[in-house]
Structure formats: C-alpha cells, structure tokens
Amino acid sequence: MRPAQPPDLPSVPAPPQHPHHRQPGDGWVECACGRRHWGLFGAAGLLLARYPDGRTGGAPDAIVLQHRAPWSDQGGTWGVPGGARNPDEPAVDAALREAAEEAGIDPADVVVLGTSVLHHPDWSYTTVLARERVPGAVEPAVTDPESVEIRWVRVGDVEALPLLPAFAEAWPDLLGRLTAGA
Ligand SMILES: [Zn+2]
C-alpha cells in the first residue's frame, strides 16, 4: 500500500504540472447542499492520535495534521491527511492509503478506533479515528506535493491553527470521540 518514493522528490513542494496520482475517484461532485466536494465516491481522512504513555482513552496528547498546499482546494489551511475514495473502496482503506501517500504513515503502525461520517445529499466524508500502534513510532513526513507540512500538533494547539473549516467544525466532536476511546 505504501508507494515507492522517487529519489528526486523535491524538498519544497511545487504545484504538479498535472494531477500526480489520478485515480478513478478524482473529480468534483456538485452537491445538492449548494457546494461542490472533492471525490466522486466520497472522501476519507485519517485522524491519528498519540496518547500519553500509550494508553487508550482520556485526552490524547497530539494528532497528525497536514498543512495543505496553497494551490489546493481551500489551500493554506490545516486538516487531516486524506482524499477521494476509489469505487468500492472502504473508507478505512481509503484513509489509510491516502495517509501513506501523503504523509508516509505505514498502515501497519496504525490501530483504527472508529469512524465518523459527515453525510451530504450527494457526498460523504469519513473521518477514520486511530491511534499509533506503538507510542512514538509514527513520524509523519511530506511525501507528495499536496502538503506544505505534516506533523504532530499538540491537542491544545490545534484550534490556534487556521483549520480547514469542515475540520474546525468537526474537531470538538472528534476530540470527544478520541477522549472516550473513539
Ligand atoms: Zn454537500
């Protein structure tokens, strides 16, 4: 699931000349809510948490956030790594695939705790809540051009960042789920 990295991956991401990993789910949905959303079959993202001393439940210490490239949709904001689902691809699989592609997160290092689905008339977004399998083991890194930065953000610092609006709206509930063990 983890793509090989080209040896000449630039250290400063630049806009790709064409979509760098065009997949069957790539495309916009004109939704009856009046907005358009990325992902013909919906989208999914990984909310990966680090808990103090590796315990599950109670407030997490930090989560992995992605500083989205300025040229991307709602660029410059912070959110979780994720993207469009492929046809018939379960949301958990899509979130783990995208986290591997965008953040170099090995699915083997992740324990899925649950999901949270945002339903729209013609689209959905699934947040996959997860924790590190071994505390301290995951060091996310920028592995494709969609990000300026990907790093652990302390939970107390999350709301100080310019968040993707949909993530900002969902974050209090998602934090509650993580705190309850998801
Ligand atoms: Zn919608």
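Here are the numbers for this structure:
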item	result
Every residue from region 79-105 that is assigned to a strand (DSSP E or B) and surrounded by fewer than 24 Cβ atoms within 10 Å (Cβ to Cβ)	Gly79, Gly83, Ala84
Check on Ala59, within 16 Å of the ligand (Cβ to nearest atom), surrounded by fewer than 22 Cβ atoms within 10 Å (Cβ to Cβ), aliphatic (A, V, I, L, M) and more than 14 Å from the chain's Cα centre (by Cα)	no
Subset of region 135-182 that is free of Cβ contacts under 8 Å to residues at least 24 places away in the same chain and under 21 Å from Ser72 (Cβ atoms) - its residue that is farthest from the chain's Cα centre (by Cα)	Glu169
Qualifying positions in region 105-119 - over 16 Å from Ile63 (Cβ atoms) and of a type outside the set (A, V, I, L, M, F, W, C)	Asp106, Pro107, His119
Verdict on Val142 being in a strand (DSSP E or B), on the phi < 0 side of the Ramachandran plot and either in contact with a Leu (Cβ under 8 Å, 6 or more places away or on another chain) or at pLDDT below 95 (or both)	no
Per-region count, region 90-134, residues in contact (Cβ under 8 Å) with a residue 60 or more places away in the chain, of a type in the set (Val, Ile, Thr) and closer than 20 Å to Ala43 by Cβ	4
Which numbered condition Trp71 misses (of (1) farther than 19 Å from Val148 by Cα; (2) outside any strand (DSSP E or B))	(1)
Subset of region 34-44 [of a type outside the set (A, V, I, L, M, F, W, C), surrounded by fewer than 23 Cβ atoms within 10 Å (Cβ to Cβ) and touching a Gly at 6+ places or on another chain (Cβ under 9 Å)]	Gly39
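The values are calculated or read from the model by the stated rules, or taken from the named source; none is laboratory data. Because the structure is predicted, anything quoted here is derived from the model rather than measured. All Cβ positions, even for glycine, are placed from backbone atoms using ideal geometry, and neighbour counts span all protein chains on display.
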